[in-house]
Amino acid sequence: MLELVFLRFKTADQNDYLRVYNGGSLSSPLIGTYSGSSLPATVTSTTNNLYMRFISDASGNNYGFVARYQGTKGGVGGGVGDRKKHCNDSTLSILI
């Protein structure tokens, strides 16, 4: 199991958003969708993976998010940049 802790969060409300899935792909169950400037609560998976997808319409300039993750039963941890990520002009996907 993994815990995802948000340290900073600010996106264009309803235009930019982060979706977090309980597993290793977009077909995994959706845990939540986050947007705006409220810091999301800690997210806990029930699997050994979390899949995060950040979608932006590129209409504004906010800093997005900063998060860290850790294993709840030992073994893994780090920043979101430590694992596989895919990025294009408007979408960033990260598998941890």
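Residues of segment 51-74 being among the aliphatic types (A, V, I, L, M) and touching a residue at least 40 places away in the same chain (Cβ under 8 Å), which ones? Residues satisfying the conditions are Met52, Val66, Ala67.
Quick check on segment 32-60: of everything there that is part of a strand (DSSP E or B) and hydrophobic (A, V, I, L, M, F, W, C), which residue is surrounded by the fewest Cβ atoms within 10 Å (Cβ to Cβ)?
The selected residue is Ile55.
Residues in segment 1-31 that are closer than 17 Å to Arg68 by Cα and within 10 Å of the chain's Cα centre (by Cα): Leu4, Val5, Phe6, Leu18, Arg19, Val20, Tyr21. Contact map, segment 34-50: first residue within 25 Å of Asn15 (Cβ to Cβ) and modelled with pLDDT of 90 or more, second residue among the polar types (S, T, N, Q) and buried (at least 18 other Cβ atoms within 10 Å of the Cβ), Cβ cut-off under 8 Å, separation 6 or more or different chains; pairs are Tyr34/Thr11; Ser35/Thr11; Gly36/Thr11; Ser37/Thr11.
Only residues that are surrounded by 15 or more Cβ atoms within 10 Å (Cβ to Cβ) and either touching a Gly at 6+ places or on another chain (Cβ under 7 Å) or part of a loop (DSSP other than H, G, I, E, B) (or both) were counted across segment 16-31, and they come to 6.
Just need a number here: residues in segment 2-14 that are exposed (fewer than 15 other Cβ atoms within 10 Å of the Cβ) and touching a Gly at 6+ places or on another chain (Cβ under 9 Å). Of the residues in that region, 3 qualify.
The values are calculated or read from the model by the stated rules, or taken from the named source; none is laboratory data. Since the structure is predicted, the reported quantities are computational estimates derived from the model, not experimental observations. Note that each Cβ is placed from the backbone with ideal geometry, even for glycine, and that neighbours are counted across all protein chains shown.
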